[in-house]
Amino acid sequence: MVTIKTKEEIAKLKKGGKILHDLLHFLAAEVREGVSTKYLETLARKKIEEVGATPAFLNYTPHGAARPFPAALCVSVNDVVVHGIPNENPIILKNGDIVTIDTGICFEGLYTDSAITVPVGEVSKTSELLLKATKEALNMAIKVVRDGATTGDIGIAIERVAKKYGFSPAEDLGGHGVGYSQHEDPFIPNFKMRGKGVVLKEGMVLAVEPMLNEGTSRVEFLSDGYTVVTADGKRSAHFEHTIVVTKNGAEILTL
Ligand code: MG
Ligand code: MG
C-alpha cells in the first residue's frame with residue numbers, strides 16, 4: 001500500500017533525515033586505509049544511540065529473508081553492490097577501494113534511509129567516474145519527481161545517466177517507499193521498465209537509490225543471504241536520499 005504522510009510527519013522525517021545525514025557524513029570522515037568495516041558499525045551504533053534514534057536495519061527481516069539483518073549499517077566494498085554485513089567477515093579498507101555506507105534510522109517513530117559511496121585514499125579514474133555518475137543519477141532522478149510523475153520516470157532518468165557514462169544500473173534492485181516502516185510500496189526502479197509504474201502524489205515519501213555497476217548489470221547473492229555482488233566482479237556505487245514528493249518537485253529529507 002502506498003501511503004501519504006501528513007505535514008507534521010514530514011516535519012519529523014526532516015529532523016530524522018538531518019540526523020541521518022550527519023551520521024553518514026561522520027562515518028564517511030572515518031573512512032581511510034586500515035579501517036575495518038566493523039569499526040564503522042560500532043561507531044554507528046554508538047552515534048545512533050547518542051542521538052536518541054534506533055537503527056532501522058538491525059534485526060530487520062526483509063520479505064523472503066531467512067534471518068534478520070545483523071547490523072545497523074550495510075557496508076559494501078568495491079564489487080559488493082548492496083547489503084554488505086560489516087560485523088560478519090569484516091573487511092579492512094585499502095587505498096583505492098570504494099565503500100558504500102547505507103543506513104536507516106527510526107526517529108520519533110518515523111524511518112529515513114540514505115547511502116553514500118566514498119573513495120578510500122586515491123581511487124582509479126574509472127572509480128571516480130562511477131561515483132560521479134551514480135551521484136548524478138540520483139540528482140537527475142530526484143529532478144523528475146513531482147506530483148503526477150511516475151516511478152517509471154525515475155527509472156528512465158537513472159538509466160539515461162548510467163548509459164551516458166557507459167555504466168549499467170544493477171538489475172532488479174531499486175528504491176522504495178519509506179516512513180512508517182523501512183520498506184513500503186511503491187518499488188522505485190533504477191532502470192527503464194515496462195509501463196509507467198505508479199503515479200506519484202504529493203506527500204509520498206520515497207527512498208531513491210541508484211546503484212550503478214561499472215560492467216554488467218547482472219548481480220549475484222552470496223551464501224550469507226544478504227550480500228549482493230556484481231556477477232563480473234567489477235565495481236558498483238550507490239547513492240540514496242529519502243525525499244518527499246511535492247506539488248511541483250521534491251524535497252530531500254536526508255540533508
Ligand atoms: Mg538505504
Ligand atoms: Mg533504501
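What follows draws every value from the coordinates through simple rules; no lab data is involved. Here the structure is a predicted model, which means the values were calculated and not measured. Cβ atoms come from the backbone with ideal geometry, glycine included; neighbour counts cover every protein chain shown.
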List the residues, sorted by chain then number, that are 5 or more residues from residue 188 or on another chain and whose placed amide H is less than 5 Å from its amide H. 175, 176
Let me check against my output: what whole-number percent is the relative contact order of region 117-255, with C-alpha pairs under 8 Å and at least 6 apart? 28
A student applying the Cα gyration tensor rule (rounded when a/c is under 1.5; otherwise prolate if a/b is larger than b/c, oblate if not) would label the chain oblate
Taking only C-alpha pairs under 8 Å that are 6+ residues apart, what is the relative contact order of region 45-106 in percent? 35
Using amide H atoms built 1.01 Å from N in the peptide plane, name the residues 5+ places from residue 71, or on other chains, whose amide H lies under 5 Å from its own. 59
Listed with the fewest Cβ neighbours within 10 Å leading, 204, 1 appear as 1, 204
In whole Hz, the Karplus estimates of ³J(HN,Hα) for region 61-72 (6.51, -1.76, 1.60; θ = phi - 60°; x where Gly or Pro) are 10, x, 3, x, 7, 7, 8, x, 6, x, 9, 7
Subset of 47/135; 14/47; 135/247; 14/135; 12/234; 14/46 violating a 27 Å alpha-carbon distance limit: 12/234
With n ≥ 4 as the cut-off for DSSP H runs, can you work out [θ] at 222 nm for the chain, using -39500 (n - 2.57) per run divided by the number of residues, rounded to the nearest 500? -9500 deg cm²/dmol
Can you return the aspartates and glutamates within cross-link range of residue 192? Criterion is Cα-Cα under 13 Å, with same-chain partners fewer than 8 residues away left out. 153, 159, 171, 172
Can you give me the long-range amide H partners of residue 106? Hydrogens built in the peptide plane at 1.01 Å from N, cutoff under 5 Å, separation of 5 or more residues or another chain. 54, 56
Do you know the relative contact order of region 7-252, to the nearest whole percent, from alpha carbon pairs under 8 angstrom that are 6+ apart? 21
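Which of the DSSP-defined H helices in the chain satisfy a minimum axial length of 30 Å, computed from C-alpha atoms, and a minimum mean Kyte-Doolittle hydropathy of -1.0?
On the way: long enough: 7-29 (33 Å, -0.04).
Answer set is 7-29.
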Of 45, 194, how do they rank once you tally other Cβ atoms within 10 Å and put the fewest first? 194, 45
What is the distance in Å between the Cα centroid of region 180-224 and that of region 143-172? 10
Can you pull the Kirkwood radius for region 49-185, inverse mean 1/r over Cα pairs, to one decimal in Å? 16.6
